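The values are calculated or read from the model by the stated rules, or taken from the named source; none is laboratory data. Keep in mind that what you see is a predicted model, and the values were worked out from it rather than measured. Note: ideal-geometry Cβ built from the backbone for every residue, glycine included; neighbour counts use all protein chains shown. The area values use the complete protein model at the heavy-atom level, side chains included, leaving out ligands, DNA and RNA. Shrake-Rupley method; radii C 1.70, N 1.55, O 1.52, S 1.80 Å.
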Amino acid sequence: MNDMPTPESIGLSREDLPNSYIGRSVPRPNVPKLVQGRATYTDDVQLPRLVHAAFLRSPHAHARIARIDAAAAMQVPGVVRVFTGADLAKVCDPWVATLDHLKGMKSAPQYPLPLERATWQGEPVVAVVADSRAAAEDGVAALLVEFEPLPAQLDMETALAPGAVVIHPQLGDNLVFTRTAEKGDVAAAMAAAHKVVEATFVTGRHTGVTLEPRSIIADYNRAEGTLTVHHSTQAPHMMQGVFAKQLRLEDGQVRVICKDVGGSFGIKVHVYPDEVAVAAMARILGRPVKFVADRFESFVSDIHARDHRIKGRIAVDADGKILAFDIDDLTGIGPYSVYPRTSAIEGNQVVNLCGGPYDFANYRCTTTVVLQNKTPTCQYRAVGHPIATAVTEGLVDLAAEALGMDPIEIRRRNLIRDDAYPYTSPPGMRFEGLSHHAALDKLLQMVPVDRIRADQAEQRKRGVHRGLGFASFIELTNPSPFMYGIGGARISAQDGATVRMDPDGSVVVMSGVTEQGQGTEGILRQIVAHGVGVPVERVKVITGDTQTTPYGGGTWACRGAGIGGEAALQSAIALKQQILVVAGAMLQAAPDSLDIVMGQVVDRDTGRERMPLAELGRIVYYRGDTLPKDLPRELVQTRHFITKEYPFAFTNGIQASWVEVDTETGMVKLLEHWCVEDCGRVVNPLLVDEQVRGGIVQGLGGALYEHCVYDEQGNLLTTTMADYLVPMSAEMPDMHVGHVETPTKESLLGAKGAGEAGTAGAPAALMNAINDALRPLGARVTEQPFTPARILAALSRI
Amino acid sequence: MINKQVVARGLLGLARGMSSMKWPAFGYARARSLQDVWRLQSEHGDGARLIAGGQTLLATLAFRLSEPTVLIDITQVPELRGVSVEAGTLRIGALTRHAELGRDELIARHAPLLREAVPYIAHPAIRNRGTIGGSLAYADPAAELPACVVALGATLVLASAAGERRVRAEDFFTGLLETALRGGELITAVEVPIATAATRSTIAEVARRSGDYAMAGLAVHLSLGSNGQVAAPRLVYFGVGNGPVLAKAAGAALAGRRLGAESIAAVQAALAGDLDPPSDLHGPPEMKRHLARVLTGRALSRFLPATEVAA
């Protein structure tokens, strides 16, 4: 009974067990609510005395705020109050987004509304609070704000050059962070190599475009001294700490409630000045203040990402063995590093992840992170991965081309062997267990390479140019405190779950991880049903309330299943054991001779039903007098989980993309896409497959369509859904998803993350496919998004 | 529907420091007849705006780029409805929705170009609401229908309290988002000469995603004699200028010639004199010129006998 459970002992591998839900495609519980319009998004929350905020945003990339005249705005019917940066600074402290373990990192203090200067177009400058959003917008229209435009620093390439506009003079220059990882002797390896090839890659600045925009209602109750925040966020506990710290409150005075969230993709795990401003205004007004970003505001104020220029070189020997990678990454992050994760992590990830799937000895990679007067960038789905994968896989394909080697063959010769683990990569990433070769073998079972190559040759004769591209990748999941905590950020890497049984035998789980549409609550329900032994319908899941759920980090960096899921499994098993202790007393049987199957206490050996859980619940809660006096009967258990052996649980996979390039129009048609990934234990194959597919779509979006385009003055030109092109179903290919399962040994569940794998590899696979199509025409593209204009230019058609 | 011009003005909105999602306050009145429209217009003056499908106007209201005092809803005006054929002319009421264009039997028979254009117009939800009159009156340079009506040699019927007048489609589009419509005037119908056995028409465009505004597009209408000789070619390009561009040099290069690889190449070469496209988010003018040439080849090749296409 007190033995440590093993996957076998809890039936993890027993598909025949009636309540063996782990590993099954169980529909998620919240789908009917979502499709019937019965979800509760932040905007649906109605509070008495609610007022609405609207912001005047900077029309300039960089400007001094010369004068703010709110007199006319205050005359607008319905307007309650106008707030400036100085007003809010009285109750709200600025924040500086640096992490101690990112050596030398610097950034400037950021206020909810700036005091003197606006530093990007779209930065909130003045807030108007009114009885309705429409009245607040009327008030904004009546504001008189004089800006004195200043020269803007837009181009990251010149950010550190003499004569650059230093965006925050007190920092001395625009350098936020730089890091070089070096291993072996890159120069010697390059000098001795059979072939050295190089290329410059560009990944386009893009953003997350959540269906539900950022939304917040902050309500300060003067009588209780409490701030209650309804927030569309991925990390309620983190935001609790942020609001408390910035508004000079104790954590315990702040409650963050996060009901349904319509998509996040990393967009909603950051501290936004307009949202902190809402909390500060609520603190001052003593009444609830709501702000919902409109789409226009979302484009100019949600974090952007992936604005990188990367120069890369690869060295190979005559057999195609990779000898060295030499990478130089440059990224512009906007005028502030974003709190509290910082905007240096994406570049840092590029350093950590380049070359990741391969076994090679010599490595040098530098990232340089600079300020610019554009929307701040920060972590977005698959942080840094698609960049590192595009560079790595682009270079590997170039090497194969230089050698006249098949792209599959060069990968087979260089992927880290499946029996080589544990393995430490040149930049120091420790891999517990990956399956690159098994994944490649599985992919080749799925992709009909011979048929595709024959079709490709046949189509070429007709002037139709098709291409097949591959991309191996690694993905960082289940982060430990090594990601943020050691740098001083109050970001929890551990997570907790409380599981309880109620009198009717139903089970409730409260978890610190959160749901934004990916199905976190669905897998928690499966895991708990499995762990306790009840039908999945008998489990209710509660997430997203700092006052009722165990403290946790929320859902980001692919930690929901791996961390939150393990905490839920451990607490479910603990509850089951507790139930069996009570059952043993009632049935006069040894607890370990009993089991729970589909809500029934049964004899472990025979499966004979002994007692329904509802009966046990009835006795415990209403007739406790009939139980032995000293019998422990707490039908509630809490467990927390944190990874301890490895800083991250790396996953791996490989993708393939099959495309047709119209060489006259530059249009790319996505014909088919494949992904094999290894996220360890697959808790719910349906959800994992959909996560992979959704991730692929988001990766393809960044590679083909999505682009935040600025003009020379720093005006963002892509501020509607007509100009910022998201991938849509009509253009998406059929996607085939396969799995290899290498469970992590750090947890009983063995799950790693799966939400970012698709995004990590898709752009690289697509780039390689396009270039495979263009190769006979002597053209190549390495600058994302791969627009018709860029492809036509590569073909010298324009 | 939102487009470049709206966005450009959207940036002006941002330049005023505004970002908004709520309409300004305005009144609403439903007209039951054209007489009602004239009466409401005279009551409300310049602050009145007509609303039919609303697919452009509502977006501009949300952006607060347009602040009318009253919207006059013309969707219940019977004079603006219906599709009919009279005396060799197909009459399409201005309220005919894009989706209706795509399924109307008379249009399929007498102006198949319009039916062919419908799938290119935005997305089904927009096609269910948007009207041909609205699209023509808005005159977006990248929209399909303005180019189609010019290619078809259509006539627009305009009406105001002062009476009715007719304007040839090619004279109707006068500049970027500008038309021959006068204050107080609206489009009541589009009159299209009906197709004959010799008529050939087609539409081709390149858009980033299905339903997007075209990077470049072409609506073409011509007569093809039994000997393969082209008469009265009208090649109208969209997404490459301030409005639909009737390519006169290209048309001249084709008129009277036998359709084939040689004449198509001549048309492509002549285009240089017809098109002066602006750059946009998708690419430079050279790209639009290039795409126009490619589309010209593809569109005209559709009229070739199958044997010649294979060659």
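Could you tell me whether B:Arg109 is part of a helix (DSSP H, G or I), over 17 Å from the mean Cα position of the chain (by Cα) and either farther than 22 Å from B:Ala169 by Cα or at pLDDT 95 or above (or both)? Quick ask: steps written out before the conclusion?
Working: part of a helix (DSSP H, G or I): yes; over 17 Å from the mean Cα position of the chain (by Cα): yes; either farther than 22 Å from B:Ala169 by Cα or at pLDDT 95 or above (or both): yes.
Judged against the criteria, B:Arg109 is a match.
Can you pull out every residue in segment A:717-742 that is open to solvent by 50 Å² or more (accessible area, probe 1.4 Å) and more than 9 Å from chain B (Cβ to nearest Cβ)? Working first, answer last.
Step one: of segment A:717-742, the residues open to solvent by 50 Å² or more (accessible area, probe 1.4 Å) are A:721, A:728-730, A:734, A:736, A:741.
If the condition is that a residue be open to solvent by 50 Å² or more (accessible area, probe 1.4 Å) and more than 9 Å from chain B (Cβ to nearest Cβ), then A:Ser729, A:Asp734, A:His736, A:Glu741 are the ones that fit.
Taking the residues in segment A:55-77 that are more than 11 Å from chain B (Cβ to nearest Cβ) and over 40 Å from the mean Cα position of the chain (by Cα) as candidates, determine which candidate is least open to solvent (accessible area, probe 1.4 Å).
A:Val76
Please count how many residues of segment A:284-300 are buried (at least 21 other Cβ atoms within 10 Å of the Cβ) and more than 14 Å from chain B (Cβ to nearest Cβ).
Adding up the residues that qualify gives 2.
Could you tell me whether any residue of segment A:19-31 is outside any strand (DSSP E or B), closer than 14 Å to A:Gly519 by Cα and either of a type in the set (Ser, Thr, Tyr) or modelled with pLDDT of 95 or more (or both)?
Yes, because at least one residue in segment A:19-31 is outside any strand (DSSP E or B), closer than 14 Å to A:Gly519 by Cα and either of a type in the set (Ser, Thr, Tyr) or modelled with pLDDT of 95 or more (or both).
With the condition kept exactly as written, say whether any residue in segment A:237-254 is closer than 29 Å to A:Leu34 by Cβ, open to solvent by less than 10 Å² (accessible area, probe 1.4 Å) and of a type in the set (Phe, Trp, Tyr).
yes
Report, by residue number, each residue of segment A:293-326 that is closer than 30 Å to A:Asn715 by Cβ, in contact with a strand residue (DSSP E or B) (Cβ under 6 Å, 6 or more places away or on another chain) and of a type in the set (Gly, Ala, Ser).
A:Ala305
Please find, among A:Gly488, A:Gly433, the residue that is open to solvent by 10 Å² or more (accessible area, probe 1.4 Å) and in the same structural domain as A:Glu677 (by TED's automatic domain parsing). Give the steps one after another, and end with the answer.
Numbers: A:Gly488 fails: in the same structural domain as A:Glu677 (by TED's automatic domain parsing).
It is A:Gly433.
List every residue pair whose Cβ atoms sit under 9 Å apart, with the two residues 6 or more apart in sequence or on different chains, where the first one lies in segment B:189-216 and is closer than 30 Å to A:Leu670 by Cβ and away from chain A (no Cβ under 14 Å) and the second, anywhere, is open to solvent by 20 Å² or more (accessible area, probe 1.4 Å) and of a type in the set (Ser, Thr, Tyr).
B:Ile203/B:Tyr120
Residues that are in contact with a helix residue (DSSP H, G or I) (Cβ under 9 Å, 6 or more places away or on another chain) and not assigned by TED's automatic domain parsing to the domain that holds A:Pro59: find the strands (runs of 3 or more DSSP E) completely inside segment A:289-407 holding 3 or more of those.
A:308-316, A:322-332, A:362-370
State which residue is farthest from A:Gln234 (Cα to Cα) when the search covers only segment A:362-375 and only residues that are in contact with a Ser or Thr (Cβ under 9 Å, 6 or more places away or on another chain) and open to solvent by less than 10 Å² (accessible area, probe 1.4 Å).
Quick first cut of segment A:362-375, residues in contact with a Ser or Thr (Cβ under 9 Å, 6 or more places away or on another chain) only: A:363-371, A:373, A:375.
So of that shortlist, the ones also open to solvent by less than 10 Å² (accessible area, probe 1.4 Å) come out as A:363, A:365, A:367, A:369-371, A:373, A:375.
On the way: A:Tyr363: 35, A:Cys365: 31, A:Thr367: 28, A:Val369: 25, A:Val370: 27, A:Leu371: 26, A:Asn373: 27, A:Thr375: 21 Å.
Selected residue: A:Tyr363.
Could you tell me whether any residue of segment A:120-131 is within 11 Å of chain B (Cβ to nearest Cβ), of a type in the set (S, T, N, Q), surrounded by 24 or more Cβ atoms within 10 Å (Cβ to Cβ) and under 25 Å from A:Glu346 (Cα atoms)?
yes
Report yes if some residue within segment A:474-492 is free of Cβ contacts under 8 Å to residues at least 12 places away in the same chain and either of a type in the set (Gly, Ala, Ser) or assigned to a helix (DSSP H, G or I) (or both); otherwise report no.
From segment A:474-492, those free of Cβ contacts under 8 Å to residues at least 12 places away in the same chain are A:485; that's our starting set.
Restricting the remaining residues to those that are either of a type in the set (Gly, Ala, Ser) or assigned to a helix (DSSP H, G or I) (or both) gives A:485.
Looking through segment A:474-492, at least one residue is free of Cβ contacts under 8 Å to residues at least 12 places away in the same chain and either of a type in the set (Gly, Ala, Ser) or assigned to a helix (DSSP H, G or I) (or both).
Just to be sure I understand, how many residues within segment B:270-310 are within 12 Å of chain A (Cβ to nearest Cβ), free of Cβ contacts under 8 Å to residues at least 40 places away in the same chain and open to solvent by 70 Å² or more (accessible area, probe 1.4 Å)?
Summing the residues that are within 12 Å of chain A (Cβ to nearest Cβ), free of Cβ contacts under 8 Å to residues at least 40 places away in the same chain and open to solvent by 70 Å² or more (accessible area, probe 1.4 Å) in segment B:270-310 gives 4.
Here is a check on your reading of the model: is A:Asn684 closer than 30 Å to A:Ala567 by Cα and out of contact with any strand residue (DSSP E or B) (no Cβ under 9 Å at 6 or more places or on another chain)?
Values: closer than 30 Å to A:Ala567 by Cα: yes; out of contact with any strand residue (DSSP E or B) (no Cβ under 9 Å at 6 or more places or on another chain): yes.
Criteria met by A:Asn684.
(1) surrounded by fewer than 24 Cβ atoms within 10 Å (Cβ to Cβ); (2) more than 22 Å from A:Lys290 (Cα to Cα): which one isn't true of A:Ser107, the others all being true?
Exception for A:Ser107: condition (1).
Which of the residues belonging to segment A:636-656 are in contact with a Phe, Trp or Tyr (Cβ under 9 Å, 6 or more places away or on another chain) and farther than 18 Å from A:His436 by Cβ?
Residues satisfying the conditions are A:His640, A:Pro647.
Which members of segment A:658-698 meet the condition of being open to solvent by less than 20 Å² (accessible area, probe 1.4 Å) and within 14 Å of chain B (Cβ to nearest Cβ)?
Passing the criteria: A:Val661, A:Thr663, A:Thr665, A:Gly666, A:Leu670.
If you check A:Pro788 against the conditions, is it more than 23 Å from A:Val396 (Cβ to Cβ) and either basic (Lys, Arg) or open to solvent by less than 10 Å² (accessible area, probe 1.4 Å) (or both)? Please lay out each step first, then the result.
On the way: more than 23 Å from A:Val396 (Cβ to Cβ): yes; either basic (Lys, Arg) or open to solvent by less than 10 Å² (accessible area, probe 1.4 Å) (or both): yes.
Spelling it out, A:Pro788 is indeed more than 23 Å from A:Val396 (Cβ to Cβ) and either basic (Lys, Arg) or open to solvent by less than 10 Å² (accessible area, probe 1.4 Å) (or both).
Among the candidates B:Val245, B:Val267, single out the residue that is away from every other protein chain (no Cβ under 14 Å), among the aliphatic types (A, V, I, L, M) and open to solvent by less than 10 Å² (accessible area, probe 1.4 Å).
Working: B:Val245 fails: open to solvent by less than 10 Å² (accessible area, probe 1.4 Å).
So the residue among B:Val245, B:Val267 that is away from every other protein chain (no Cβ under 14 Å), among the aliphatic types (A, V, I, L, M) and open to solvent by less than 10 Å² (accessible area, probe 1.4 Å) is B:Val267.
Of the residues A:Val96, A:Val80, which single one is under 22 Å from A:Ser337 (Cα atoms), open to solvent by 40 Å² or more (accessible area, probe 1.4 Å) and of a type in the set (A, V, I, L, M)? Give the derivation first.
Working: A:Val80 fails: under 22 Å from A:Ser337 (Cα atoms).
After applying the criteria, what remains is A:Val96.
From A:Pro776, A:Pro785, which residue is within 14 Å of chain B (Cβ to nearest Cβ) and of a type outside the set (A, V, I, L, M)? Full working, then the answer.
Working: A:Pro776 fails: within 14 Å of chain B (Cβ to nearest Cβ).
Matching residue, one of A:Pro776, A:Pro785: A:Pro785.
Looking at this structure, is B:Ala231 outside any strand (DSSP E or B), aliphatic (A, V, I, L, M) and surrounded by fewer than 18 Cβ atoms within 10 Å (Cβ to Cβ)?
On the way: outside any strand (DSSP E or B): no; aliphatic (A, V, I, L, M): yes; surrounded by fewer than 18 Cβ atoms within 10 Å (Cβ to Cβ): yes.
So B:Ala231 does not fit the description; no.
Could you please give the count of residues in segment A:34-54 that are within 16 Å of A:Ala136 (Cα to Cα) and surrounded by 22 or more Cβ atoms within 10 Å (Cβ to Cβ)?
4
Considering only residues that are among the β-branched types (Val, Ile, Thr) and over 18 Å from the mean Cα position of the chain (by Cα), look in segment B:63-106 and name the one that is most open to solvent (accessible area, probe 1.4 Å).
So the residue we want is B:Thr69.
So the check is Cβ under 9 Å with 6+ separation or different chains; which pairs have a first residue in segment A:713-726 that's without any contact (Cβ under 8 Å) to a residue 60 or more places away in the chain and a second one that's of a type in the set (Gly, Ala, Ser) and crowded, with 21+ Cβ neighbours inside 10 Å?
A:Leu725/A:Gly701
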